[in-house]
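**Q** After the structure tokens below, expect a handful of questions from me.
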Amino acid sequence: METIHRPLTSVAQLVESAQLGDRDAQTALYERYRESAIALAYRKVGNWDEAEELVQDVFIHAFDRIEQLRVPEAFGGWLRQIVRRMAINRLTRRRTAIAIDSEVLEAIHTSSNTPLDGVLDGERHEQVRSGLQRLGDVDRETLEAFYMVGQSLIEMAEHFEAPIGTIKRRLHVARKRLAREMESFQAL
């Protein structure tokens, strides 16, 4: 039986290909470093689910900025630094999340709307609509697809012909820009 030996691709070769936009190289880097990144993230945040989520964000961040890496052989250390920094950021912003079943939430919700509440809600909706109109097309379309049309991230990735990581990043950026628009509108 003949054994086929394939040349191992070095980290430097993968990084250089990824810097040129090669998705297969990005996938190979992800597969090569995912487990160690999760282990480091877990040591920092103390929760496996949160560590896995953090690592997804780390790779999105890393691949968005991979062209900034000057020494391709240093990818592993560079990635570990990103994990450490993003874990610290996450820990400083961590808030205790309380999970509430929707039925329980509906049972404790009481409606005590007054006419003034209706007017204030209308003003808020108008501010949001106005803020959306002041955003760029990509930001506005991204927010509308997710919040108004109710598309999932997968549906949005197909619609916008972009990876899910890009869609997550667009949502994050668009929400921040809308918040700034809302703040500037309220300052007037």
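The values are calculated or read from the model by the stated rules, or taken from the named source; none is laboratory data. In this text the structure is predicted, and so the values were computed from the model without any measurement. Neighbour counts run over all protein chains shown; Cβ positions are idealised from the backbone, glycine included. Each accessible area value is taken on the protein alone, full model and side chains, heavy atoms only, with ligands, DNA and RNA left out. Shrake-Rupley method; radii C 1.70, N 1.55, O 1.52, S 1.80 Å.
**Q** Could you check, for segment 130-137, whether at least one of its residues is closer than 27 Å to E183 by Cβ, out of contact with any Cys (no Cβ under 9 Å at 6 or more places or on another chain) and acidic (D, E)?
**A** yes
**Q** Another question about this same structure. Tally the residues that are in a helix (DSSP H, G or I), more than 21 Å from G21 (Cβ to Cβ) and free of Cβ contacts under 8 Å to residues at least 12 places away in the same chain, restricting the search to segment 142-170.
**A** 4
**Q** Within segment 31-41, how many residues turn out to be farther than 14 Å from I82 by Cα and touching a helix residue (DSSP H, G or I) at 6+ places or on another chain (Cβ under 9 Å)?
**A** Quick first cut of segment 31-41, residues farther than 14 Å from I82 by Cα only: 31-32, 35.
Going one step further and asking which of them are touching a helix residue (DSSP H, G or I) at 6+ places or on another chain (Cβ under 9 Å), we end up with 32.
Qualifying residue count for the region: 1.
**Q** Within segment 65-88, how many residues turn out to be open to solvent by 40 Å² or more (accessible area, probe 1.4 Å) and of a type in the set (F, W, Y)?
**A** 1
**Q** Then there's this: Return a yes/no flag: does segment 85-107 have any residue that is among the β-branched types (V, I, T), assigned to a helix (DSSP H, G or I), out of contact with any Pro (no Cβ under 8 Å at 6 or more places or on another chain) and at pLDDT below 75.
**A** First, pick out the residues of segment 85-107 that are among the β-branched types (V, I, T): 88, 92, 96, 98, 100, 104.
Next, from what is left, pick out any that are assigned to a helix (DSSP H, G or I): 88, 92, 104.
When the remaining residues are screened for being out of contact with any Pro (no Cβ under 8 Å at 6 or more places or on another chain), the result is 88, 92, 104.
Imposing the further condition that a residue be at pLDDT below 75 reduces the set to 104.
The answer is yes, given that some residue of segment 85-107 is among the β-branched types (V, I, T), assigned to a helix (DSSP H, G or I), out of contact with any Pro (no Cβ under 8 Å at 6 or more places or on another chain) and at pLDDT below 75.
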